[in-house]
1. What helices (runs of 4 or more DSSP H) completely inside the range 265-371 contain at least 2 residues that are of a type in the set (Val, Ile, Thr) and either outside the structural domain of Phe200 (by TED's automatic domain parsing) or modelled with pLDDT under 75 (or both)?
2. Regarding the range 23-34, can at least one residue be identified that is in a loop (DSSP other than H, G, I, E, B), within 22 Å of the chain's Cα centre (by Cα) and among the β-branched types (Val, Ile, Thr)?
3. Regarding Tyr136, is this residue under 28 Å from Lys91 (Cα atoms), touching a strand residue (DSSP E or B) at 6+ places or on another chain (Cβ under 6 Å) and in the same structural domain as Ile30 (by TED's automatic domain parsing)?
4. Could you check Pro256 against (1) out of contact with any Gly (no Cβ under 8 Å at 6 or more places or on another chain); (2) on the phi < 0 side of the Ramachandran plot; (3) at pLDDT below 80 and say which number it fails?
5. Please determine, by comparing only the residues of the range 35-67 that are β-branched (Val, Ile, Thr) and under 22 Å from the mean Cα position of the chain (by Cα), which one is nearest to Arg3 (Cα to Cα).
6. Where the second residue is crowded, with 22+ Cβ neighbours inside 10 Å and among the charged types (D, E, K, R) and the first is assigned by TED's automatic domain parsing to the domain that holds Cys168 and within 17 Å of Ile113 (Cβ to Cβ) and lies in the range 206-224, which pairs have Cβ atoms under 6 Å and are six or more apart or on separate chains?
7. Pull out all pairs, ordered by first then second residue, where Cβ-Cβ is under 7 Å, the residues are six or more apart or on different chains, the first lies in the range 33-55 and is in contact (Cβ under 8 Å) with a residue 24 or more places away in the chain and in the same structural domain as Lys126 (by TED's automatic domain parsing), and the second is basic (Lys, Arg) and outside any helix (DSSP H, G or I).
8. Within the range 229-253, can you find the residues that are buried (at least 21 other Cβ atoms within 10 Å of the Cβ) and either charged (D, E, K, R) or at pLDDT 85 or above (or both)?
Amino acid sequence: MNRYVLKFGGSSVETIEKMKLVARRIIERINDNTELVVVVSAMGKSTNRLYDEARKITLLPNKRELDLLLSTGELTSISLLSIILNDLGYKAISLTGEQARIYTTGEFQSAKIERINPEVIIKHLKEKKIVVVAGYQGVNEFGEVTTLGREGSDTSAVTLAHYLNCPCEIYSDVDGVYEVDPRILNNTNKHEYLSYNDLFLLSYHGAKVIATSAIEYASLNKVPLYLASTFNEELKGTIICDNQVNKDFLGIVVQPNIRILNLINGLPLNTLSKFHDYGFKIDVLSNNLIAIASDDIILLEEVINNELEEDEYEEEYVDYNLAKVSIIGNLFTEYLNCNKILDDLNDDLVNVALTMHNNNRFSIFINVDDTLQSVRKIMNTIKGKIINEK
């Protein structure tokens, strides 16, 4: 018997019409020798809308009540998708995190999956049902609903795949992992294979591919991953597997809206780990300055308010209208140095405000209006250098 966990993100289930397409995609996989567990996110941006509603009442909603509120987004998705599948004549059952026996530990808003008891899911699979599980949530030792942080549905899916001893397939509106997100720049190469480490670096530095925590878990437990398009099944996706070395690996990751936060009294080191727990990343520019995506600022404020004593810090946002472009991969490190890229950008009159460089990546902070021009220039510089040296 072949078993798979299929995960569909919010963009794949944002409308009933798209849910029906997802249902058709699921049905196409059904046969006498296949068992399917489907994990879905909340519809579109509904989690953000729920969060905004709570913040209309108070800037710091009670965390227990907020988790309960946010978990309802996934409940809507699993119920509707199961209704569609049953209406099409296929047995399906929806399970909340608690019903699926997903047990968590840790804080509200940033809980971790401690373990999963797969007995209930396996029972339904043996009854030839499609099992539709709510991502992003579980239940703690006190019976409280908890959520898993940013992009937590990816983590739900990968962890379920481990406990069910099967591959995990992640579906979204992009058909795999490209050198540059095709929504930013077309006609770059798609990676047929990537290692867990390559995918981790892309995600960690801002690529919208799969949650960093999910990749870490998949790598640790050797869960096979496949990233592909929900709506274009003819296009092959990207296979993620252990010890897959791609000597031509290149990724250019763009974060288009960056803000600089000045923590006047500095950032306590023990607070940095909390950012990872909540599922978002920062660049520490100095003890006082950090760079963060604009979308994460509200969440950052919540983390700081929850983790630091009152008056322990002062903050000041500076909006430079910046984008961060990060260059990652063997092609960059083998064929280029940072100065060559900076010289070529300078020739194109691109003003680079800040740079960060380590063994894994080279990041530049530029005016957001120069993003597309800069990405094109970087690609031409790298590929031109490779062609000349080969």
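1. Working: elements: 269-278, 297-307, 330-335, 338-347.
So the answer is 297-307.
2. Taking the range 23-34 as the starting set, the residues that turn out to be in a loop (DSSP other than H, G, I, E, B) are 29-33.
In the following step, the residues that additionally are within 22 Å of the chain's Cα centre (by Cα) were identified as none.
No, the range 23-34 contains no residue that is in a loop (DSSP other than H, G, I, E, B), within 22 Å of the chain's Cα centre (by Cα) and among the β-branched types (Val, Ile, Thr).
3. Values: under 28 Å from Lys91 (Cα atoms): yes; touching a strand residue (DSSP E or B) at 6+ places or on another chain (Cβ under 6 Å): yes; in the same structural domain as Ile30 (by TED's automatic domain parsing): yes.
When the stated conditions are applied, Tyr136 passes them.
4. Here Pro256 meets the rest and fails (3).
5. Applying the first criterion (β-branched (Val, Ile, Thr)) to the range 35-67 yields 37-40, 47, 57-58.
This time we only want the ones that are under 22 Å from the mean Cα position of the chain (by Cα), so: 37-40, 47.
Details: Val37: 8, Val38: 11, Val39: 14, Val40: 17, Thr47: 29 Å.
Among them, the one singled out is Val37.
6. Every condition considered, the pairs that remain are Ile210/Asp154; Ala211/Glu151; Ala211/Asp154; Ala214/Asp154.
7. Note: pairs meeting the criteria are Glu35/Arg3; Leu36/Arg29; Val39/Lys7.
8. Residues of the range 229-253 that are buried (at least 21 other Cβ atoms within 10 Å of the Cβ), as a first pass: 230, 237-238, 240, 249-253.
Selection gives Thr230, Gly237, Thr238, Ile240, Leu250, Gly251, Ile252, Val253.
The values are calculated or read from the model by the stated rules, or taken from the named source; none is laboratory data. Treat the numbers as computed from the prediction; the structure is a model and nothing was measured. Here the Cβ is made from the backbone with ideal geometry for all residues, glycine too, and neighbour counts use every protein chain on show.
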